[in-house]
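Throughout, read-outs are computed from the coordinates displayed, never taken from laboratory work. This structure is a prediction, so every number in the text was calculated from the model and none was measured. No Cβ is skipped: glycine too gets one built from the backbone with ideal geometry, and neighbour counts run over all protein chains shown.
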Amino acid sequence: MSARTEVVSLIEAPRTRPNVLVVVTLTILGLIVLLAVFGRLVSPYDPMQQDLGLGLSTPSSEHWLGTDALGRDILSRILAGAASAVVGPFVIALGAMVLGNVLGLLAGYRGGRIDSIIMRWVDLTFSLPGTLVVIVVAGTFGGSYWLAVVLLIILVAPGDARIIRGATLEQAPRPYVEAAKSIGVSEPRILLTHIWPNVAPAAIANASINFAGSLVALAGLSFLGLGVAAGTPDWGLMVAEGRSLLFVNPVAVLAPAAMIVLTATMVSIAGDWVYERLSSRGMSR
Amino acid sequence: MAIVRFIVRRLLAMLVLLFVISFLVFSLLYLAPGSAIDVLLKNVPRNPETVAALTAKYHLDEPFITQYWIWLQGALRLDFGESIQTTLPVTGEILARLPVTVFLAIYAFAIEMAIGLGVGVLAALRQRSVADRGLVALTVVGLSTPAFVSGVFLLYVFSVALGWFPAFGAGEGFLDRLWHLTLPAFSLAIVGSAFVVKHVRAAVLAVLDQDYVTFARARGISRSKVLFQYVLRNAMIPILGVSAMVLAFLLIGAVFIEVTFSINGMGSLVVKAANSQDLPMIQGVAIFIALIVMGFNLLADLAYLAADPRVRNRTLA
């Protein structure tokens, strides 16, 4: 039994003109995505290049955010780190959306045995603490970024499946579904082109929640040493590496930490906004 | 007795789930890359004697199901074998670290509920005011701040820059421990507080909308009496469920916080074990945490029953 209370939203009413907060959010997110793709091109130094002669240094005109213990430029590593912060969560959110939506539609529409099999899997993953599962499996196989991505898809998709199943149950008895059935529309087509568009706002909103959650989870696993390989420019790993340098160059820790919070927050706000827009357009009847 | 039947039914369901989890956890030894001998021997130089000794000790020459059965019998007595790294019994290591983690979790839970209830109720009563909007914005940021990130921020401000609190360790004795764990507990509580605020605010708003609240005010019942006896009592029901979820989150957050603040608890134990692929230790901790989380879930269900006569009638009927 979990408490399902109404979710508070920063963007209260659907607006016709764009909200300042939304414009700022989308701009920052756009920049971060650009960084994820082109980060290495614009970074002032090679993020992997060590300068052992320089070693740890505080911010200077040459290294704006200073360097880490191996003399690597912090700013360059933060720019390059956008890649692992965006790519993995995107794959997880998309993978979980596809898997969860297909299973949720099937469970809600067909009911019966397929429904109870899918729901048992949902119950099992809901009763396990997800992060712990990833830690245990990573401990067994040796941690890696893509292993964590695959595991998170499997652990996150049940949330999507549960939401879509509920929404589908609500749509299935409606006249338009009846009508489509009676004129002989095939089942995959009813599910994908008739029912899915009506449950899509919930699916997309949940994908953005999953994106923010996976960003934090992947960064956390890298922080614990169970995510990206040592040496990779990654915000979570940078927090772990810089923790002992907190007395000398705190920026080396605080800057990547701030990037994690900033990106996750922006994704949540953007998700809220997309949800409000889609539902106010009458897509969720 | 309906209540006893309910608890028995829930305990049986938990037992089935635990059985499934234990099977998955045991299978890890065989899913891990390399043979079971490779996993258990690690870098220890091997000779026929050590291999034979391990085979006998872990019954590796028996069929898989028999091995599982033998392992399960041990697990039921909380015997998970010895850690590969330290060669000490797994259960002993876990129990030695449990008190620190429990202390940290309870401390953080108290902070979360205090902030969550106080701020959540305040925001709901001042709905749509500047303060409410500001608090809602803060919860959005708080929810996106993982424990290890809030950890390094608090560590920097209060320990490195201001020097008010120690930067690592768990301290000895109650007061010293309270002092050492203050920063970790607050770091751990930030994300949970945001979660509680969000749900408390929503729960209180839902009750404030009810006709019986308007009617109570119309009958001339004082504001504070309406708040405590009408609004909060009814809002507590969803909040109880949230607080049980929060406890399970705390346990996972503690893993990150213990690493951030170098606290020698169960969290840092499982991370160390995972980083060195110490399977018996991983298996032991996984079962322990699964047990604790399931216990919380059962408690949450019982709390619902105690708080809400409607749920009680529906579930026990």
**Q.** Test item: A:121-132 mean partner chain Cβ contacts at 10 Å
**A.** 5
Q. Equivalent-ellipsoid semi-axes (√(5λ), Cα gyration tensor) for the protein assembly as shown, whole Å, largest first?
A. 38, 33, 28
Q | Label-point separation, A:S144 to B:R233 (7 Å along Cα→Cβ), nm | A | 6.0
Q.
Multiplying the sequence separation of B:F215 and B:T86 by 0.36 nm and subtracting their Cα-Cα distance, what value in nm do you get?
A. 39.8 nm
**Q.** Pairwise FRET efficiency - A:S244 versus B:L15, Cβ, R0 = 35 Å, nearest 0.05
**A.** 0.20
Q: Take the Cα pairs of the stretch B:95-308, get the Kirkwood Rh, then feed it into Stokes-Einstein at 4 °C and 1.567 mPa s and tell me D in µm²/s.
A: 69
Q.
Using a 10 Å cut-off around each Cβ of peptide A:232-241, what is the average number of partner chain Cβ atoms that fall inside?
A. 1
Q: Note down the nm distance, to one decimal, between modelled labels 7 Å out along Cα→Cβ at B:L291 and at B:T50.
A: 3.1
**Q.** Surface/4 of the Cα convex hull for the stretch B:2-76, nm²
**A.** 6.0
(Q) I'd like the per residue volume of the convex hull spanned by the Cα atoms of the stretch A:220-281, given in cubic angstrom. (A) 84
Q | Local electrostatic count at A:Q49 - Lys and Arg +1, Asp and Glu -1, tallied over other residues with Cβ under 9 Å | A | -2
(Q) Counting C-alpha atoms alone, how compact is chain A: give Rg to one decimal and Dmax as a whole number, in angstrom. (A) 22.0, 77
**Q.** FRET efficiency for A:V20 and A:V42, using Cβ-Cβ distance with R0 set to 25 Å, rounded to 0.05
**A.** 0.40
Q) Using +1 on the beta carbon of Lys and Arg, -1 on that of Asp and Glu, and nothing else charged, what's the dipole of the stretch A:111-175 about the Cα centre, debye to 20? A) 120
Q. What average number of partner chain Cβ atoms lie no more than 10 Å from the Cβ of the residues making up A:136-146?
A. 6
Q. Whole-Hz Karplus ³J(HN,Hα) for the stretch B:274-287, in order, using 6.51 cos²θ - 1.76 cosθ + 1.60 and θ = phi - 60°, x for Gly and Pro?
A. 5, 6, 10, 6, 8, 4, x, 5, 4, 4, x, 5, 4, 5
Q: Show the residues, 5+ positions off or on another chain, whose built amide H is closer than 5 Å to the amide H of A:L65.
A: A:S60, A:I74, A:L75
Q | Positive-pole candidate from B:G142, B:V285, B:A161, dipole of the stretch B:95-308, charges at beta carbon | A | B:G142
Q) If amide H atoms are built 1.01 Å from N in the plane of the peptide, which residues on other chains or at least 5 residues away come under 5 Å of the amide H of B:E82? A) B:V90
**Q.** Integer Hz, Karplus 6.51/-1.76/1.60 couplings in order for the stretch A:149-159, x for Gly and Pro
**A.** 4, 4, 4, 5, 4, 5, 7, 8, 3, x, x
(Q) So if the hydrodynamic radius of the stretch A:117-236 is defined as the Kirkwood radius over C-alpha pairs, what does Stokes-Einstein give as its diffusion coefficient at 25 °C and 0.890 mPa s, in µm² per second? (A) 149
Q. Which length gain, in nm to one decimal place, applies between A:S61 and A:R277 when the Cα-Cα distance is subtracted from 0.36 nm times their residue separation?
A. 73.3 nm
Q) Hey, with R₀ at 51 Å, roughly what FRET efficiency would B:I65 and B:V311 work out to, going by the Cβ-Cβ distance, to 0.05? A) 0.80
(Q) Between the stretch A:95-114 and the stretch B:77-151, how far is it from one alpha carbon centroid to the other, in angstrom? (A) 33
